[in-house]
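Shown next, in structure tokens, is the structure this report addresses.
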Amino acid sequence: MHSDDLTRHAQHVLTFAQGKTQLHGPGSDPSIARSWLRCLEDYHLDPALGAAPTVLEHGRLLESRERLQQVLSIAGGEMNSLHQQLSGAGHAVLLTDARGVILNCITAPTEHTVFERAGLWLGADWSEACEGTNGIGTCLVERQSLTIHQEEHFRGRHTGLTCSASPVFDPHGDLLAVLDVSSARQDVSRQSQFHTMALVSLSAKMIERGYFLQRFADQWLLRFHLHAESVGLFSEGLMAFDGQGRVSAINQSALNLLGYGRENLLGQPVDVVFDCSLDELLGRASSHPNATWPLRTRDGRRLFALLRGQPRSVPKTPIAAPVVPPRLLGICLGDAALQNDFRRALRVFERDVPLLVNGETGSGKEAFAKAVHHASLRSDKPFVALNCAAIPESLIESELFGYRGGSFTGARKEGMHGKLQQADGGTLFLDEIGDMPLALQTRLLRVLEDRLVVPLGGEPHAVDVRIISATHRNLLDRAADGSFREDLYYRLNGLEIALPPLRERSDKSQLLDFLLEAEAGNQVVVLDDAARRALLDFPWPGNVRQMRTVLRTVVALCDEQRIGLDELPLAIRQNLRAPTLTLVSEHPLDDAERTALLAVLEEQRWHMTHTAEQLGVSRNTLYRKLRKHGIAR
């Protein structure tokens with residue numbers, strides 16, 4: 001930076017220090033204003049000083065790295081991944097200790113010199129007391145994610161940098177490190193750093209999580225979230241406790257989920273928080289847990305949890321779900337994610353936890369439900385299905401609850417058992433539950449609570465039935481507009497399974513063979529290569545149901561037990577012959593910004609104030625970004 005530029009920047013800083021109001025520019029940001037005042041009044045720094053940052057001697061740098069070796073090993077992969085996500089944008093990814101000393105730096109080989117010239121060396125001390133306002137140093141003091149853009153730096157020497165930094169906390173809430181992404185490009189706008197800041201914050205949380213999991217490898221570790229599918233992700237709550245059940249450490253996500261302060265929980269027994277005894281909790285432990293289970297807090301809220309540790313025996317032996325080969329269940333489970341969802345669904349179903357299966361029309365929701373039933377200990381009991389959208393509203397009540405003979409005009413003399421009584425001892429599958437009339441929702445909720453069915457005109461009957469529901473609708477949206485009872489939604493949603501559409505399944509080829517064999521029966525039918533390619537390339541808007549129907553048709557029409565391209569429907573042949581266009585985003589940075597924004601929104605459960613605080617932006621900026629990317633809950 002030229003001397004006249006240093007002088008001009010220094011004059012700008014000093015003008016601010018003299019108390020002149022700044023409606024625009026760096027001094028208008030409260031965190032920048034606080035930092036500039038600290039630099040002048042507490043550290044007595046000169047904004048025009050052109051000296052490079054102080055660098056630790058090699059021996060002291062090695063000592064610092066040794067102290068944080070575990071963190072560095074965890075952070076290495078995250079830093080490389082972050083640098084790849086920002087590929088081509090001229091960024092350095094840095095990790096410092098709690099003093100602001102750079103312990104690791106990842107840059108493109110061609111950019112080493114640029115960043116070293118800017119003072120971003122291994123061992124360089126970027127604390128605020130040494131280098132004034134900067135991403136690393138100010139993050140250490142403010143203890144929050146923030147971006148320091150060019151002229152917002154205190155020292156004129158650093159105004160060519162734009163830095164986005166996020167703190168990394170240890171399991172006790174103490175500052176452990178800072179993760180920073182710095183750019184030396186002059187054309188970087190502060191607004192363009194929005195997605196960078198979000199990615200840095202996410203990576204910092206992943207490092208925190210990895211460190212927590214390793215740090216307490218020898219203790220019981222409880223992992224939990226409001227949503228079963230979020231256990232194992234960066235937003236999960238983590239709580240470590242010792243053999244006496246006393247809390248050793250807890251992360252910020254857990255504190256947010258439970259609504260406690262750290263000082264109120266450390267050293268306390270876990271049963272102060274959760275509505276179960278220590279023995280019951282430890283009975284759930286597993287060395288390699290892979291299925292969540294419901295866990296209630298003392299104030300009645302339901303979470304989903306995993307417990308890592310050596311299990312203790314409890315009086316009641318957990319039910320072991322039988323393992324049945326997928327083909328015997330009438331379902332193809334070659335997709336790894338789908339297979340994992342099936343295992344989770346079976347585990348909770350055996351403990352009488354209701355399942356809610358969500359997915360596009362034709363994606364196989366009923367087949368999934370049947371497979372869970374047939375793999376369970378109720379496989380020899382009835383599986384009864386009711387499509388709530390296919391039965392007229394005037395008949396669905398009698399279909400579900402049954403009626404006593406002569407209870408209304410046209411009723412059978414002997415009466416009729418409803419679906420709930422037919423499923424007694426087994427499973428009731430309620431397809432398209434989102435289309436059930438409101439009046440029946442109230443009666444169904446009562447049945448689920450009391451386990452009593454009252455037929456029309458009849459007396460109550462006790463039933464032992466497990467419920468699997470399915471829908472292609474968003475039931476929370478239906479609850480919001482008043483067409484679905486919110487309390488019924490939470491009663492049915494013990495575990496929600498989202499079935500992928502056929503176009504997104506990794507086992508499409510296996511599924512094709514599975515369905516072809518089922519439709520061919522005793523015949524041996526062979527697909528030509530061109531026909532197989534056409535079937536696999538087709539987008540299948542009707543999902544598995546559409547593929548099964550097409551295969552049934554072509555099997556019926558094939559004469560020589562071989563299906564060629566010409567035997568396939570015209571739409572499938574035309575799709576294969578259409579030119580394939582490779583879609584490359586014209587705005588990769590916008591795409592990354594949108595992805596990162598959605599991740600933070602989900603983590604903060606769409607709480608706009610908390611989301612804005614984590615991203616280091618104002619609420620107005622956040623709403624502007626939501627409108628830009630067309631994001632709505």
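Quick notes
- Once the Kirkwood radius over Cα pairs is known for segment 502-577, the Stokes-Einstein relation at 20 °C and 1.002 mPa s delivers a diffusion coefficient of 174 µm²/s.
- Counted by neighbouring Cβ atoms within 10 Å, the residues Leu266, Leu238 run from fewest to most as Leu266, Leu238.
- Least to most buried among Trp36, Trp293 (fewest other Cβ within 10 Å first): Trp293, Trp36
- Assuming charge only on the beta carbon of Lys and Arg (+1) and of Asp and Glu (-1), the dipole of the chain about its Cα centre is about 1040 debye to the nearest 20.
- 0 to 90° range, to nearest 10: angle between helix 619-629 axis and the chain longest Cα axis: 50
- Cα centroid separation, segment 147-194 to segment 58-78 (Å): 20
- Leading residue at positive end of dipole, the chain (Cβ point charges), from Gly457, Leu400, Met608: Gly457
- Among beta bridges that DSSP assigns inside the chain, antiparallel share in %, nearest 5: 70
- Separation between Cα centres of segment 617-633 and segment 495-509, rounded to whole Å: 31
- For the pair Asp477 and Arg624, a Förster radius of 25 Å applied to the C-beta separation gives a FRET efficiency near 0.50, rounded to the nearest 0.05.
- Shape category assigned to segment 150-293 from the gyration tensor of Cα positions, a/c cut at 1.5: prolate
- Semi-axis lengths, Å, segment 34-84, gyration tensor of Cα atoms, sqrt of 5 times eigenvalues: 31, 17, 12
- Overall Cα dimensions of the chain, principal axis frame, Å, largest first: 99, 64, 47
- For segment 491-506, putting each phi into the Karplus relation 6.51 cos²θ - 1.76 cosθ + 1.60 with θ = phi - 60° gives couplings of 6, 7, 8, x, 9, 9, 10, 9, 6, x, x, 4, 5, 9, 7, 7 Hz, in residue order, rounded to whole numbers and with x for Gly and Pro.
- Going from the residue with the fewest nearby Cβ atoms within 10 Å to the one with the most, Tyr623, Tyr403 rank Tyr623, Tyr403.
- Taking a ≥ b ≥ c as the square roots of the eigenvalues of the Cα gyration tensor, an a/c ratio below 1.5 marks segment 217-308 as rounded.
- Rounded to whole Å, the principal axis extents of the Cα atoms in segment 440-529 read 59, 33, 20, largest first.
- Backbone geometry of segment 430-447 corresponds, through the Karplus equation with coefficients 6.51, -1.76 and 1.60 at θ = phi - 60°, to 3J(HN,Hα) couplings of 9, 7, 6, 4, x, 9, 6, x, 4, 4, 6, 4, 5, 5, 4, 4, 5, 5 Hz, x marking Gly and Pro.
- The chain: angle of helix 193-215 to the longest principal axis, Cα-based, in degrees nearest 10: 80
- Kirkwood Rh, angstrom, segment 33-213 [1 / mean 1/r, Cα pairs]: 16.0
- J(HN,Hα) series, segment 258-274, from Karplus relation 6.51 cos²θ - 1.76 cosθ + 1.60, nearest Hz, glycine and proline x: 8, x, 10, x, 4, 5, 7, 10, 4, x, 8, x, 5, 6, 5, 9, 10
- In a fully extended conformation the segment linking Glu63 and Asp380 would gain 107.6 nm over its present Cα-Cα distance, using 0.36 nm per residue.
- Estimated from helical segments only, the mean residue ellipticity of the chain at 222 nm is -11500 deg cm²/dmol, where each DSSP H run of four or more residues counts as -39500 (n - 2.57).
- For segment 217-308, with +1 on Lys and Arg beta carbons and -1 on Asp and Glu, the positive-most of Asn264, Leu233, Ala249 along the dipole: Leu233
- Angle between the chain longest axis and helix 365-375 axis [Cα atoms, degrees, rounded to 10]: 80
- Cα gyration tensor shape for segment 326-498, rounded if a/c is under 1.5, else prolate or oblate: prolate
Just so you know, all these numbers are worked out from the coordinates, no wet-lab data involved. The structure displayed is predicted, hence computed values, not measured ones. Counting neighbours? That spans all protein chains shown, and the Cβs are built from the backbone with ideal geometry, glycine included.
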